[in-house]
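A short worksheet on the structure shown next.
The values are calculated or read from the model by the stated rules, or taken from the named source; none is laboratory data. It should be emphasised that the depicted structure is a prediction, and the values quoted were computed from it without experimental measurement. Cβ placement follows ideal geometry from the backbone for every residue including glycine, while neighbour counts extend to all protein chains displayed.
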Amino acid sequence: MKNNPKTRYPLRLEESYAKNIQKAVKEIEKVSLYEFDKYLAPMIDDKNIVNDSNLINDGLFDAASKLIRNAQTYFLGILQNRTAQKIVRKHINSVNAFNKSNVNSQLSARGINPLQTEKWLDSYVQAKIAENISYVTNIRDDYSKKFEQVIYRGITEGKSSNEIREELVHQAGMSSDKAAFIARDQTGTILGQMNSERQKRAGFQAFRWSDSGDERVRDSHRERNGKIYFYADNPLLPGEEYNCRCVAEPVDDEELLEESIDLGLSNQEEHAVKTYVSSEAYKLNDKLRNGYQLDESDLKLIDNLDKALGKMTNYDGEVTRSMFFDSSDDLVRFANNYNLNDVVQFPEYISTTKDIYSEQDSLRFVIMSSTGKDLGSYNKSEKEVLFNRDAKFIVKDRYLLDGKPFIVLEEYHE
């Protein structure tokens, strides 16, 4: 199954969407500068008017108000709602066709019939069209407000026409950048949501996260790259977070069997492991760490997770755990709890990794594991090593490396 078609990101469609919006922005900029240069700039630079405060109040502001009204009318004409709708509809329909073709090629390679009727699609597309029209017209409306503010502020502060003109050009540049942001953000979101819906309806239970491979990939997404996530767990989807070009590669049952080693886990135990590696881990560990009351579902999860961990192999070697803090004071207070030869105990499960979770962490634990449970024995793509509740460690070393504090722990067994 290695030759299955990959999930593709429609970069050219994204770029075309951005250019179409930016074309309208450029026309708005062109009109605004033409009107300003022709009707207001000469008055601003006329020394007779500048030196006569009455003329400034009665003449210049009247001319500015007329210019602003006329220009804003032109803006509405250049980027009408129906123009925005045309740009948006073309883009979303193109992304839809691109993704449907891509998914059908993936299905065909696996001997699965291509998707035909998609009753869910129409309402989704209409909602996304309405949403994107508002984003595009907001660019026009925001520039219109900024145009008015820049001119009135410039006159009030006695700025030259060149200074005001430069601000107008700057505002147009910001609008163009916003168009590029919207194109990238919405292309990723729409692709990700369409792709996941089609994969689920085609019978895929899971997907493998695949990042775009460039230097702009955020750390949290680079950490997800290559990992398998189950749709039943309602995970974060590639493309859903802002400016994300990651995609979801479908994982079929055959691939799941290849990835998983049979540990004899019951359905409940397997579900507990999947639940833990999702966002539920943070909620459960917060309760355990702080001694909060556990409800029935928490107790059931703990029971099945403990049983599952008991069937997994131990990891013998070095693992790390990245910690993050909002302030240096919080970091110092935390680090002061770990002195040489102290024995520390954690009431929660302790998640670690065989490599490094993030190079941007505030503090890093280096832990010598002997009984940490290797989740890679359950799923080969997992690098997590999990220590059970109430695990004890002894502090073996503390040091700074390139300004970052490191705390070395070793499992402690009485």
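Scan segment 137-145 and tell me whether some residue there is among the hydrophobic types (A, V, I, L, M, F, W, C), over 28 Å from residue 36 (Cα atoms) and modelled with pLDDT of 95 or more. Scanning segment 137-145, I find no residue that is among the hydrophobic types (A, V, I, L, M, F, W, C), over 28 Å from residue 36 (Cα atoms) and modelled with pLDDT of 95 or more, so the answer is no. Considering only residues in segment 230-271 that are of a type in the set (Gly, Ala, Ser), modelled with pLDDT under 90 and assigned to a loop (DSSP other than H, G, I, E, B), the one that is farthest from residue 197 (Cα to Cα) turns out to be 264.
For segment 132-173, which residues satisfy the criterion of being closer than 30 Å to residue 94 by Cβ and free of Cβ contacts under 8 Å to residues at least 24 places away in the same chain? The answer is 134, 138, 141, 173. Of the residues making up segment 112-136, those that are modelled with pLDDT under 95 and surrounded by 14 or more Cβ atoms within 10 Å (Cβ to Cβ) number 3.
Per the listing 150, 95, 103, the residue uniquely outside the structural domain of residue 209 (by TED's automatic domain parsing) and touching an Asp or Glu at 6+ places or on another chain (Cβ under 6 Å) is 150. Listed by first and then second residue, the pairs with beta-carbon distance under 6 Å, at least 6 apart or on different chains, first residue in segment 261-287 and closer than 20 Å to residue 391 by Cα, second at pLDDT 85 or above and polar (S, T, N, Q), are 272/304. Selection of first residues in segment 217-232 that are closer than 14 Å to residue 379 by Cβ and of second residues that are part of a loop (DSSP other than H, G, I, E, B) and of a type in the set (Asp, Glu), restricted to Cβ pairs under 8 Å at least 6 apart or on distinct chains, gives the following pairs, ordered by first then second residue: 224/211; 227/382.
Checking each residue in segment 323-357 for being over 16 Å from residue 407 (Cβ atoms), surrounded by fewer than 17 Cβ atoms within 10 Å (Cβ to Cβ) and in contact (Cβ under 8 Å) with a residue 40 or more places away in the chain picks out only 347. Of the residues making up segment 268-304, those that are out of contact with any His (no Cβ under 8 Å at 6 or more places or on another chain) and over 25 Å from residue 237 (Cβ atoms) number 17. In segment 206-221, which residue that is surrounded by 17 or more Cβ atoms within 10 Å (Cβ to Cβ) and either in the same structural domain as residue 360 (by TED's automatic domain parsing) or not in a loop (DSSP other than H, G, I, E, B) (or both) is farthest from the chain's Cα centre (by Cα)? Looking at residues that are surrounded by 17 or more Cβ atoms within 10 Å (Cβ to Cβ) and either in the same structural domain as residue 360 (by TED's automatic domain parsing) or not in a loop (DSSP other than H, G, I, E, B) (or both), I get 206.
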